[in-house]
2 protein chains.
Amino acid sequence: MGELAYSIKDLAAEFGITARTLRHYEEQGLVAPARVGQNRTYSAADRVRIAWILRGRRVGFSLSEIADMLRLYELGDGRETQRQVTLAKCRERIAALEAQRADIDETITELTGFCDTLENLVPAPGGRWVRKDTGEPPQLRNPWDG
Amino acid sequence: MGELAYSIKDLAAEFGITARTLRHYEEQGLVAPARVGQNRTYSAADRVRIAWILRGRRVGFSLSEIADMLRLYELGDGRETQRQVTLAKCRERIAALEAQRADIDETITELTGFCDTLENLVPAPGGRWVRKDTGEPPQLRNPWDG
DNA sequence: ACGCTACTTTACGTTAACGTAAACGTCAAC
DNA sequence: GTTGACGTTTACGTTAACGTAAAGTAGCGT
């Protein structure tokens, strides 16, 4: 069968990270690649798992938070309470992510508004700026000015 | 006029941060509160600016990135090239934010799917889990298993 | 056998974003 | 007039997420 595996350098290159980073993730218990001799060999599953970790990092989670999320997928000993705890944590994570998305949307809205203002601005004599259409001064409305 | 001002402790309490954090933001040039004697006194504008900074932090930006974004709102000496540079940087920021939102959406989708599976699971004899409706084993499809 | 390359472990260094402690100023209250 | 509550500066400590250097191993080509 096509048991495709990756060296540490392969994956590092593919994801644009260093081998040190992958070893660090292993130290923190985020991945556990197999070994051939003393060398690490990453499976396809490891590869996807690493992509998951990196996306978590881009989203802003810490490594230990990511470890927690990964552990959610381990169902445990089959007790009902275990399932409920996992479910609750999972929902917490989703709520946090949605709050963060709201923050992002706000920031995008403000920056976009500022971009629109900028696009409509031309330099005027005396080191000033005026609006292209009306010739009026900018009225910039920085988010913190009112 | 009601020139409402805030002490450092007021703002810290309101935003759920420490006074040290506010002083740190000042050291990094992110805010510049007025002084009454040797004491800091934050204006309403300072307050909004700090809210902006904290939202940036929640989104995952570093303090220096936030400083850059804040500087975007200073139009500079009125040269056209300056405006274009600012506009470009502003658009870069927006693009980065949109990419990040895409990552968040992906993560939410996966976690939600996992939640749905969990909700439909009940414990079965032998420390196993089965689906409530069909009685089938979970087929969990962890993101990294396929 | 020799060197090259990729890999390993061990361990100390670095940066960001504050925490925390020390030592001091100031003003109102008792 | 001294005790607090609140503020200040200075400066060293801490944690996370790696960077980086040192020293050794293992296979492969010539």
| query | Quick one: what does P(r) look like for region A:59-107 with 5 Å bins over all Cα pairs, in whole %? | reply | 5, 19, 24, 21, 15, 9, 5, 2, 1
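Which semi-axis lengths, in whole Å and largest first, follow from the square roots of five times the eigenvalues of the Cα gyration tensor of region A:1-41?
Each semi-axis is √(5λ); the values are 17, 14, 9 Å.
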| residue B:7 accessible area, 1.4 Å probe, all protein chains in place, Å² to nearest 10 | 50 Å²
| field | Residue (of A:108, A:67, A:95) at the positive-pole extreme of chain A, dipole from beta-carbon charges | value | A:67
| message | I want to verify a result. In a Gaussian network model of chain B, Cα cutoff 10 Å, which of these has the top mean-square fluctuation: B:133, B:77, B:68? | response | B:133
| field | Accessible carbon and sulfur surface of chain B relative to its total accessible area, %, 1.4 Å | value | 50 percent
| task | Might you report the magnitude of the Cβ-based charge dipole of region A:5-120 about its Cα centre, with Lys and Arg at +1 and Asp and Glu at -1, to the nearest 20 debye? | result | 780 debye
| query | Mind checking the angle between helix A:80-119 and chain A's longest principal axis? C-alpha axes, 0 to 90 degrees, to the nearest 10. | reply | 30 degrees
| Cα-based helix-to-principal-axis angle, A:44-59 vs chain A, degrees rounded to 10 | 30 degrees
| In whole angstrom, how far apart do the alpha carbon centroids of region B:52-120 and region A:31-78 sit? | 26 Å
| said: Test of understanding: express the Cα radius of gyration of the protein assembly as shown as a ratio to 2.2 N^0.38 Å, with N the residue count. | reply: 1.32
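What value, in deg cm²/dmol to 500, does the helix sum -39500 (n - 2.57) over DSSP H runs of n ≥ 4 give at 222 nm once divided by the residues of the protein assembly as shown?
Working: 10 runs with 166 residues, N = 292.
So the calculated ellipticity at 222 nm is -19000 deg cm²/dmol.
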| said: Please report, for residue A:64, the nm distances (one decimal) from its label point, 7 Å out from Cα along the beta-carbon direction, to the equivalent points in the remaining copies, shortest first. | reply: 2.6
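Given DSSP loops and a limit of at most 11 other Cβ atoms within 10 Å, what is the longest stretch of chain A that contains no such GluC sites (Glu not before Pro)?
So the longest stretch without any such site is A:75-146.
Could you compute how much accessible area chains A and B hide from each other, both sides summed, with a 1.4 Å probe? Nearest 100 Å² is fine.
5300 Å²
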| said: Taking every alpha carbon pair in chain A, what does the distance histogram look like in 10 angstrom bins from 0, in percent? | reply: 9, 25, 20, 17, 13, 11, 4, 0
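How much accessible area per residue does chain B have, counting only protein heavy atoms and a probe of 1.4 Å, in square angstrom?
Details: 8150 Å² over 146 residues.
Result: 56 Å² of accessible area for each residue.
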| request: Would you mind counting up the charge near residue A:91? Only other residues with Cβ under 14 Å from its Cβ, with Lys and Arg at +1 and Asp and Glu at -1. | output: -3
| Cα-based helix-to-principal-axis angle, B:63-72 vs chain B, degrees rounded to 10 | 60 degrees
| field | Rounded if a/c under 1.5, otherwise prolate or oblate - region B:23-97, Cα gyration tensor axes | value | oblate
| Is there a simple number for the mean count of other chain Cβ atoms within 10 Å of the Cβ of residues in B:63-74, and what is it? | 2
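The values are calculated or read from the model by the stated rules, or taken from the named source; none is laboratory data. Note that the structure is predicted; figures quoted are calculated from it, not measured. No Cβ is skipped: glycine too gets one built from the backbone with ideal geometry, and neighbour counts run over all protein chains shown. Side chains included, ligands, DNA and RNA excluded: accessible areas come from the protein's heavy atoms. Shrake-Rupley method; radii C 1.70, N 1.55, O 1.52, S 1.80 Å.
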